[in-house]
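The values are calculated or read from the model by the stated rules, or taken from the named source; none is laboratory data. Because the structure is predicted, anything quoted here is derived from the model rather than measured. Reconstructed Cβ throughout: ideal geometry from the backbone, glycine too, with neighbour counts over all protein chains shown.
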Amino acid sequence: MGIEVKGIGHIGILVSDFERSFKFYTETMGCKVTNRRKGADGRETAFLRFDENHHDFVIATAPEGADVTSAQGGDRLIQQIAFLVEDREAYLEALAHLHKHGVKPASKVLVHGPEGGQGQGVNGSGSRSFYFYDPDGNRLEVYCDAVKVRNGEQFPREDIAEALIAFSQVEVAR
């Protein structure tokens with residue numbers, strides 16, 4: 001048996017323009033500041049939180065000469081950072097808030113899984129989500145309503161997969 005991880009404690013990223021990113025994550029994303037400091041080398045670090053945790057998210061100035069905005073080798077080092085919100089209302093509020101702050105979408109609003117329309121398959125989480133980029137081009141996601149996978153259970157269970165397929169293929173008579 002492996003380590004019994006309960007979740008991700010925090011994520012830290014390097015940023016190309018500390019002030020720009022600090023403003024984005026505090027003003028646009030709503031993070032609260034636990035600690036902001038400058039090292040002897042002049043590079044800054046901020047420990048940010050969403051609620052009562054000491055920090056959920058850390059941003060730090062990238063070392064001089066590092067280009068954190070380029071797709072190194074064709075792929076970025078961060079695939080995505082997903083921010084879970086409480087419910088659909090909070091999801092819609094986040095969508096409106098980011099739009100009001102001029103954040104450009106990186107996707108349509110989505111529902112992962114067959115509830116999201118044709119071609120979604122039965123393996124999706126069922127979550128509602130949308131994607132956008134931070135100032136350095138890191139792909140961010142806001143999501144809610146992901147299904148739970150009970151201990152030891154196949155996902156999706158065979159009976160649920162069959163029902164999802166059956167109800168996704170129904171042509172409704174009008």
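What to note about this one:
- Yes/no for residue 61 being more than 20 Å from residue 98 (Cα to Cα), among the hydroxyl-bearing types (Ser, Thr, Tyr), touching an Asp or Glu at 6+ places or on another chain (Cβ under 7 Å) and not assigned by TED's automatic domain parsing to the domain that holds residue 98: yes
- Residue within region 99-116 that is without any contact (Cβ under 8 Å) to a residue 24 or more places away in the chain, of a type outside the set (S, T, N, Q), within 23 Å of residue 19 (Cβ to Cβ) and surrounded by fewer than 12 Cβ atoms within 10 Å (Cβ to Cβ) present: yes
- Subset tally (residues that are more than 14 Å from the chain's Cα centre (by Cα), among the hydrophobic types (A, V, I, L, M, F, W, C) and not in a helix (DSSP H, G or I)) for region 90-106: 1
- Looking only at region 1-43, and only at residues there that are under 14 Å from residue 60 (Cα atoms) and of a type in the set (Gly, Ala, Ser), the one that is modelled with the highest pLDDT: 21
- Test result for residue 65, in contact with a Gly (Cβ under 9 Å, 6 or more places away or on another chain), of a type outside the set (A, V, I, L, M) and free of Cβ contacts under 8 Å to residues at least 24 places away in the same chain: no
- Some residue of region 108-127 being of a type in the set (Ser, Thr, Tyr), in a loop (DSSP other than H, G, I, E, B) and under 13 Å from the mean Cα position of the chain (by Cα): yes
- Of the residues 34, 45, 61, the single one that is surrounded by 13 or more Cβ atoms within 10 Å (Cβ to Cβ), more than 20 Å from the chain's Cα centre (by Cα), over 20 Å from residue 138 (Cβ atoms) and of a type in the set (Ser, Thr, Tyr) is 34.
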